[in-house]
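Chemist: Okay, here's the structure, questions in a sec.
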Amino acid sequence: MEIKFNKPGKNADNIRYLSYAIIALLLSVIHVLMLDIIEVGGFTPDLLLILTVWICLSEGRFTGLIAGFLIGLLFDVISSDVIGTNALSKTVVAFIAGSFYKEGKTVRTIGSVRFLMVVFLSSIVHNIVYFFFYIKLSDLSYFSFFIEYGVAISLYTTVFAVFAMLI
């Protein structure tokens, strides 16, 4: 009698998760070092948010929550941002985007306009959570700051999500 501890396809899952980690690391480095090239009006797209939504729509909410937290934490460390702000906002995004997961319909969801709508909604939620920690006692109100920066960044991120949708 032989006992097998590995499920069939376990190696494929590990390779897929490893590829997500490598992509997240590469996108983090690109975001920190080279994203100034495509900056428009001081706004840059959030490529890691697109990856987080992609993982949530491909793998489900639970895996997406773990990936969102780890991707946010990775970016906090690489960008020398306040530790936890991106981790928290990407985790909240993963929870929202995970609601749109449909088992067996990943290709249909990611390859449609629905993906863009999920990215836009997720980006709005991300910016609400993320900018909450950066608005202090300043002359700008939270609402005006969010409208000026949050919506513009969300639109720009959604434009870049078109490239991910086409892949």
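The values are calculated or read from the model by the stated rules, or taken from the named source; none is laboratory data. Note that the coordinates shown come from a computational prediction; the quantities given were computed from them, not determined experimentally. Heads up, the Cβs are rebuilt from the backbone with ideal geometry, glycines too, and the neighbour counts pull from every protein chain shown. Areas reflect the complete protein model, heavy atoms only, side chains present, ligands, DNA and RNA absent. Shrake-Rupley method; radii C 1.70, N 1.55, O 1.52, S 1.80 Å.
Chemist: Taking the C-alpha atoms of the range 1-131, how large are the radius of gyration and the largest Cα-Cα span, Dmax, in Å?
Modeler: 15.9, 66
Chemist: Set the Förster radius R0 to 35 Å, insert the Cβ-Cβ distance between residue 151 and residue 18 as r into 1/(1 + (r/R0)^6), and round the FRET efficiency to 0.05.
Modeler: The formula returns an efficiency of 0.50 here.
Chemist: Quick check on the chain: helices-only [θ] at 222 nm, where DSSP H runs of length 4 and up contribute -39,500 (n - 2.57) each and the sum goes over total residues. Nearest 500, please.
Modeler: -22500 deg cm²/dmol
Chemist: Rounded to the nearest 10 degrees, what's the angle between the helix 61-79 long axis and the longest principal axis of the chain, both from Cα atoms, 0 to 90?
Modeler: Orientation of helix 61-79: about 50 degrees from the principal axis.
Chemist: Measure nothing fancy, just the Cα-based angle from helix 151-166's long axis to the longest principal axis of the chain, in degrees from 0 to 90, nearest 10.
Modeler: 30 degrees
Chemist: In Å², and per residue, what accessible area does the chain have when probed at 1.4 Å with the other protein chains present?
Modeler: Roughly 59 Å² per residue, with all protein chains present.
Chemist: Right, next: Considering only protein heavy atoms and a 1.4 Å probe, what is the carbon-and-sulfur percentage of the accessible area of the chain?
Modeler: 71 percent
Chemist: Would you work out the relative contact order for the chain, in percent, from Cα pairs under 8 angstrom that are 6 or more residues apart?
Modeler: 23 percent
Chemist: If you don't mind, there's one more thing I want to ask. Using a 10 Å cut-off on Cβ atoms, rank the peptides 118-128, 104-114 from the highest mean neighbour count down.
Modeler: Result, highest mean first: 118-128, 104-114.
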